[in-house]
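**Q** So that we are looking at the same thing, I have put the structure below in structure tokens.
The values are calculated or read from the model by the stated rules, or taken from the named source; none is laboratory data. As the structure is a prediction and not an experimental result, all values here were calculated from the model. Neighbour counts are summed over all protein chains in view; Cβ atoms, including those assigned to glycine, are modelled from backbone coordinates with ideal geometry.
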DNA sequence: TAATACTCTACTAATTTGGTAGGATAATAA
DNA sequence: TTATTATCCTACCAAATTAGTAGAGTATTA
């Protein structure tokens, strides 16, 4: 399951995609329009900026904009930035790999099964973009 | 991510599949062979029995056996029994559906995206069985 | 009737989730 | 230069979930 945080992130990005290209949009506007708690959204957008998904501008007339065209931002990258791994097991994760301590991966049947699951899931999530969230 | 509990469940079922068909296998044997905490495994196997995945027999010579042929037990059904939903959003879940309170599903873009993700993931998980976990 | 092995309820500690508070910093404009 | 705007950042907190453990109860068999 996606966390609430990731859901908010995707909703916020969909909103920004709807305004792309265009000037900076303020957190407060996104929070109000998408009904997301303002302070929570602050921390979320900050993370998305650190993940090179958003650009920010401070001061009057400031706000957030997408770092690039909505079609170039995959849903997979957003989930990874907020929730971390997409895979169902650490030992099959591409971006958050972690060795199992109690199995040999070349022979582990769980590893084999969940590698296939990962491939199927990620194939869809890499193809879907923020453009699809408008 | 799968919970530890689900991982243990799958490992235990893989072990039982390796002995199928055959007499009852005791919790203690599974726990030792698969290095799963005994008392934790007790609660897990109980849940799998209640989900009609395992049969149990009490008393001397008792233990657990698969309820049916390993090929007839999907990995999807095991995950659902232990962790619950496989989908990434409650509003696209087939077995654990829950309405979003803040979006109209027929028009919600998140719903559309994660329905496709669900279909891809579940297609694999329904095809994989406990037989693949031996 | 004693031993075996699952059953069940309840409890606990650690981690994660879903936020909030409040001040710091940077940009703009009067 | 100073007020205003809006993001940045650290720290905190409560509730929920996860990962187990404890211990007594029940059914089966020999």
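**Q** Count, please, the residues in the stretch A:84-100 that happen to be touching a helix residue (DSSP H, G or I) at 6+ places or on another chain (Cβ under 8 Å) and either closer than 17 Å to residue B:113 by Cα or within 8 Å of chain B (Cβ to nearest Cβ) (or both). It would help to see each step written out before you state the result.
**A** First, the residues of the stretch A:84-100 that are touching a helix residue (DSSP H, G or I) at 6+ places or on another chain (Cβ under 8 Å): A:86-89, A:91-100.
With the extra rule that they be either closer than 17 Å to residue B:113 by Cα or within 8 Å of chain B (Cβ to nearest Cβ) (or both), the set shrinks to A:86-89.
Qualifying residue count for the region: 4.
**Q** Additional query: Run residue B:118 past the list (1) touching a strand residue (DSSP E or B) at 6+ places or on another chain (Cβ under 8 Å); (2) away from DNA strand C (no atom under 15 Å from the Cβ) and report the number of the one that doesn't hold.
**A** The one condition residue B:118 does not meet is (1).
**Q** Could you list, in sequence order, all residues of the stretch A:121-130 that are surrounded by fewer than 18 Cβ atoms within 10 Å (Cβ to Cβ) and either at pLDDT below 95 or facing another protein chain (nearest Cβ under 10 Å) (or both)?
**A** Residues satisfying the conditions are A:123, A:127.
One line per residue, one yes/no per condition, for (1) more than 9 Å from DNA strand C (Cβ to nearest atom); (2) within 12 Å of chain A (Cβ to nearest Cβ):
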position: B:8; (1), (2): yes, yes
position: B:16; (1), (2): yes, no
position: B:20; (1), (2): yes, no
position: B:33; (1), (2): yes, yes
position: B:36; (1), (2): yes, yes
position: B:39; (1), (2): no, no
position: B:54; (1), (2): no, no
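**Q** Check residue A:53 against each of (1) under 30 Å from residue B:131 (Cβ atoms); (2) buried (at least 17 other Cβ atoms within 10 Å of the Cβ); (3) touching a helix residue (DSSP H, G or I) at 6+ places or on another chain (Cβ under 7 Å) and name the one condition it does not meet.
**A** (1) is the only condition that residue A:53 fails.
**Q** Quickly run through the stretch B:101-110 and pick out the residues that are more than 9 Å from chain A (Cβ to nearest Cβ) and either within 16 Å of DNA strand C (Cβ to nearest atom) or at pLDDT 95 or above (or both).
**A** Selection gives B:101 alone.
**Q** Filter the stretch B:84-102 for residues that are assigned to a loop (DSSP other than H, G, I, E, B) and crowded, with 18+ Cβ neighbours inside 10 Å; which is farthest from the chain's Cα centre (by Cα)?
**A** Our first condition is that a residue be assigned to a loop (DSSP other than H, G, I, E, B); within the stretch B:84-102, this holds for B:84-89, B:93-102.
Subset that is crowded, with 18+ Cβ neighbours inside 10 Å: B:85-89, B:93.
Details: B:85: 10, B:86: 10, B:87: 14, B:88: 17, B:89: 19, B:93: 16 Å.
Taking the candidates together, the pick is B:89.
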